[in-house]
Amino acid sequence: MSSLPSLRAESRIRILASDLIDKIAAGEVVERPASVVKELVENSIDAGARSLRIDLVSGGKKKIEIADDGCGMSEEEATLAIRRHATSKISRFEDLATIRTLGFRGEALPSIASVSRFTLLTSVGEDGLATEVFVDSGREPEIRPAARDRGTTIRVEDLFENVPARQKFLKSADAEFRAIIAIISSYALTSPQRSFSVSHNGRMVLDLPEVESLRDRVLQVIGSRASRDLAPIELAMELGGVTGFVSREASLGSRRNQYFFVNGRTVRDRVLTHAATRAIEAFDDDRHPALVVFLDLDPDLVDVNVHPAKTEVRFRESGRIHVLVEQGIRHALGAPARGGSLLADGPAAPGHPSWRPGETSILSPPSFREGVPGGEGDFIAATPLFRERPLVQPPPPRFEPSTVGALEGRVIGQYRDSYILLDTPDGLRIVDQHVAHERVLYDRIEATLGEKGEVQRLLEPLIHETGAAESALLDSHLEELRGLGFEIERFSGNSFAIAAVPTLLRRESVSRFLARVIDAAAEEKGSHAGRVRAKIIASLACQAAIKVHRPLSGDEMSGLVADLLRSSNPYACPHGRPIIVDIRHLDVEKHFHR
């Protein structure tokens, strides 16, 4: 007779310990230092603070301290605030559908306290007395009396020190710092009546005093250079309204100055970004204008509980919301809003282009200013390599170059004013003139701007103005710029004083160059100086290189090919695109049945 299976001495299913539960919950809310800053700034805003001071050490990995002048908490409230599921924002299930505050989950403080050395200092300001609560990595809190004016200060030190598995996935201090600046800039845009200041490693890097209007705050964040062309967004439909601002002219190489808010909450949403892209590409799909969009909807139409950090939302009427946002931006840029059609392309605003890719006429070659050709990319003050010439010219002369190694052959012409053709012993070789020149310029700039190039002092210091977020980003790369030959210091507010620049960089091009530095730094996920530097040089080379549909003389083509041979990699441009395509003689003859 078979016996019954013996019972296990210990059940495989168990209730987790409370400290482990807290650490798991922390992973949902607290991913990195920027997550901590987001939760704490939201709490300060919900508490009615008019002034927020943020102090960071090592990008927030070592210390985050946020002090505000909000309503503060009593001792009883402070004690409850570090317990899970404690909140002042909701009291019943129905409140979730109408929530208007930024935070409400009641898990931020206990989650943060479980993975850091956490100090809460708060006072309601009635008698100057305060309460201090200290929690060391989720252990029992220590509560003691203290002194403070009305408001709350929260200090978070050694984030994830007790969770090494999470700590090792944190990015560099510079990358974490940039993420924090982006968060603070976002919330500053929602609160022009509040002041925000940020210090990093003991230096003030961001200062946003309170202003009278949203427009003034937008200019603080994105920079005063957009003041003349900042167009208001304002459109209402049955389901809600969209307001904000978009820059008609000032634009960047990335979307870092594009912000979206739903009912006052900063969000990342594909519907909104796609609507903005569709609206902008009708005018110029090459650059990304500064954009601040506020969407005001009935809370029933948006679910803010999609993600624990509340950075993502779900819309009930996503199609109609797409129309609302797209048409609001298009109207601000100069096109009339049209009945909600997602395909309608309105005319460009007066003085603004409405071209599409591929419409550039090959009969109108670009003009080249003094210096390396390439339109707005003419940063390098060098002897012109290519000169403009009439369109109608005799065919370039055939010539026999000297021995040129792997590219041995002779130039026999130019195809579509874009590709140089060479007759080689093995077949026909096609060289893309744009990417070939890009490779040549990249090596030339890298060699000239390497380690420590020659410096030219300016007769008068150049003042470079930036937006608040950009100034913090540029500030983190000042040492790298100094290594390239810049003498640059923060001047005041969001401006920088430049006393000297590399000899190959013209004074009038410095501001554009620094804008590209910011673009490259913003796009780089880490903080490796070499990668940022390579991106900067590659961008300069691409902009400065001769374009397609540019007729070249025989001497120009042979000179470019010779320079390409001396480059570090004649077969690929800095972005990885191929420069050379070979067609064997055998393949050509096969087509003619030879």
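Given a Förster distance of 60 angstrom, what is the FRET efficiency for residue 312 paired with residue 76, based on the Cβ-Cβ distance and rounded to 0.05?
So the FRET efficiency works out to roughly 0.95.
So how much accessible area does residue 591 have, in Å² to the nearest 10, using a 1.4 Å probe?
For residue 591, solvent-accessible area is about 150 Å².
Would you list 423, 229 from the most to the least accessible area, probe 1.4 Å? Mind dumping the intermediate values first?
Details: 423 55, 229 20 Å².
The most accessible residue leads, giving 423, 229.
Going by the alpha-carbon gyration tensor, a ≥ b ≥ c the square roots of its eigenvalues, is region 123-243 rounded (a/c under 1.5) or, if a/c is not under 1.5, prolate (a/b greater than b/c) versus oblate?
Because a/c hits 1.5 or more and a/b exceeds b/c, region 123-243 counts as prolate.
At a Förster radius of 45 Å, what calculated FRET efficiency corresponds to the Cβ-Cβ distance of residue 268 and residue 592, to the nearest 0.05?
Between residue 268 and residue 592 the formula returns 0.20.
So which GluC sites (Glu not before Pro) in region 191-238 are both in a DSSP loop and have at most 10 other Cβ atoms within 10 Å of their Cβ?
Listed in order of number, the matching sites are 212, 238.
Considering only protein heavy atoms, what is the solvent-accessible area of residue 203 at a probe of 1.4 Å, reported in Å² to the nearest 10?
For residue 203, solvent-accessible area is about 120 Å².
How much length is gained on full extension from residue 478 to residue 507, taking 0.36 nm per residue of separation minus their Cα-Cα distance?
Gain on stretching residue 478 to residue 507: 8.7 nm.
What order do 437, 549, 575 take when sorted by accessible area (1.4 Å probe), most exposed first?
Solvent-accessible surface, decreasing: 575, 549, 437.
Once phi is turned into θ = phi - 60°, what whole-Hz ³J(HN,Hα) does the Karplus curve with 6.51, -1.76 and 1.60 give for every residue of region 115-129, x standing for Gly and Pro?
10, 7, 8, 10, 10, 10, 10, 8, 8, 7, x, 6, 9, x, 7
Give me the extension gain from residue 460 to residue 417: residue separation times 0.36 nm, minus the current Cα-Cα distance, reported in nm with one decimal.
Result for the pair: 11.2 nm of gain on full extension.
From the phi of every residue in region 206-215, what ³J(HN,Hα) in whole Hz does the Karplus formula 6.51 cos²θ - 1.76 cosθ + 1.60 yield, where θ is phi - 60° and glycine or proline is x?
After applying 6.51 cos²θ - 1.76 cosθ + 1.60, I find 8, 9, 10, x, 5, 10, 7, 9, 5, 4 Hz.
Among the listed pairs 38/63; 61/171; 38/168; 62/171; 61/535, give every one whose C-alpha distance is greater than 18 Å.
Listed pairs above 18 Å: 38/168; 61/535.
If each of residue 584 and residue 165 carries a label point 7 Å out from its Cα toward its Cβ, how far apart are those two points in nm?
Taking the simple label geometry, residue 584 and residue 165 are separated by 5.5 nm.
So for region 106-243, taking the charge dipole from beta-carbon charges (+1 Lys/Arg, -1 Asp/Glu), which of 159, 192, 173 sits furthest toward the positive end?
Projecting each Cα onto the dipole axis, the largest value belongs to 173.
Tell me whether region 189-233 comes out rounded, prolate or oblate; compute the Cα gyration tensor, take square roots of the eigenvalues as a ≥ b ≥ c, and use a/c under 1.5 as the rounded threshold.
Because a/c hits 1.5 or more and a/b fails to exceed b/c, region 189-233 counts as oblate.
Tell me, what ³J(HN,Hα) does each residue in region 34-51 have, in order and in whole Hz, if you take phi through Karplus 6.51 cos²θ - 1.76 cosθ + 1.60 with θ = phi - 60° and put x for Gly and Pro?
Here the 3J(HN,Hα) series is 4, 5, 4, 4, 4, 5, 6, 5, 4, 4, 5, 5, 4, 7, x, 5, 9, 9 Hz.
The values are calculated or read from the model by the stated rules, or taken from the named source; none is laboratory data. Remember, predicted model here, so these are calculated numbers, not experimental data. Neighbour counts are summed over all protein chains in view; Cβ atoms, including those assigned to glycine, are modelled from backbone coordinates with ideal geometry. These accessible areas exclude ligands, DNA and RNA; they are computed on the full protein's heavy atoms, side chains included. Shrake-Rupley method; radii C 1.70, N 1.55, O 1.52, S 1.80 Å.
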